[in-house]
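Below is one structure, written out as structure tokens; comments come after it.
Please treat every number below as a calculation from the coordinates, not as lab data. Keep in mind that what you see is a predicted model, and the values were worked out from it rather than measured. Heads up, the Cβs are rebuilt from the backbone with ideal geometry, glycines too, and the neighbour counts pull from every protein chain shown.
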Amino acid sequence: MALPSRLQKSLTASEINFIAENEPIKILPRYTMEGFQLIGTRLPPLKAMKREEIPLWLALILKSQDRCNIITPDWLTVKNLHKAYEEEVEFPTKFSNLPWHWIEISKMLLDKASDDLVDPPHQLRSLIQDLLEVRLTKTRQGIKELNVSYIQLDNLSMTEISTLKPFCIQVMDQLVALHEAGTDGDEGQAQV
């Protein structure tokens, strides 16, 4: 099935999830396992109860087999998410600094490793939803202030940018057309 043309300019949610699964995450293995070579990376030898960093996709597989516990990322705590939320509210023109794939990672960990998280999952889900809503509101406000020369999207996640990208491209194209029409009109007046 072909995607609508407006969605062909950005990644789909499943493509973004696939990319996010390659993010490194720390685990605490329950067993000792030999390392091995994968196509894109080398899995280090894992020693029981010794922290190691591996790709998220592999951590989730090992977790599903009860071979490891996933160590909660520092940013995925009630305290740090609440701090990020407060920054979002306090600074209306700035986005808090969260990981590039914070949305996907938090969803995967809440869905597949919630028992390893430091804080209660329902509190984390609530804060994540609050963060998503306030950031969406801020991006909508920011789009109203677009100009012809650039758009600044510091600290937005890949999902947020991918969602905005088709709309921003369309708006920027229209702004450029208006700008060019304005400069053509100025040249016409100068020749008279």
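With r as the distance between the Cβ atoms of Ala48 and Asp119 and R0 = 25 Å, compute the FRET efficiency 1/(1 + (r/R0)^6) and round to 0.05.
Efficiency for this residue pair is about 0.45.
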Amide hydrogen neighbours beyond the local backbone of Glu21, cut-off 5 Å, H modeled | none
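Give the calculated FRET efficiency between Val78 and Gln37 to the nearest 0.05, with a Förster radius of 45 Å applied to their Cβ-Cβ distance. Provide the component values of the computation, followed by the final result.
Numbers: r = 39 Å, r/R0 = 0.86.
Using R0 = 45 Å, I get an efficiency of 0.70.
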Karplus (6.51, -1.76, 1.60) ³J(HN,Hα), θ = phi - 60°, over segment 81-97, in Hz, Gly and Pro reported as x = 5, 5, 4, 5, 4, 4, 4, 4, 6, 5, 10, x, 10, 10, 9, 5, 7
Here are some pairs, Lys47/Lys79; Lys83/Lys112; Lys83/Lys107; which of them have Cα atoms lying more than 29 Å apart in this structure?
-> Lys47/Lys79
HN-Hα couplings for segment 42-54 via Karplus (6.51, -1.76, 1.60; θ = phi - 60°), in whole Hz with x for Gly/Pro, come out as 10, 7, x, x, 10, 10, 3, 6, 10, 4, 8, 10, 9
For Asn69, which sequence-distant residues (separation of 5 or more, or a different chain) have an amide H within less than 5 Å of its own amide H, given hydrogens modelled in the peptide plane?
-> Leu28, Arg30
Chain lengthening between Ile161 and Thr137 when straightened (0.36 nm per residue, less Cα-Cα) = 7.3 nm
Quick one: what are the phi-derived ³J(HN,Hα) couplings along segment 125-130, Karplus 6.51/-1.76/1.60 with θ = phi - 60°, whole Hz, x for glycine and proline?
-> 4, 5, 5, 5, 4, 4
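Hey, any idea what the orientation-averaged projected area of the convex hull of segment 72-182's Cα atoms comes to, in nm²?
7.1 nm²
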Among residues other than Gln129 whose Cβ falls under 12 Å from its Cβ, what is the net charge (Lys/Arg +1, Asp/Glu -1)?
-> +1
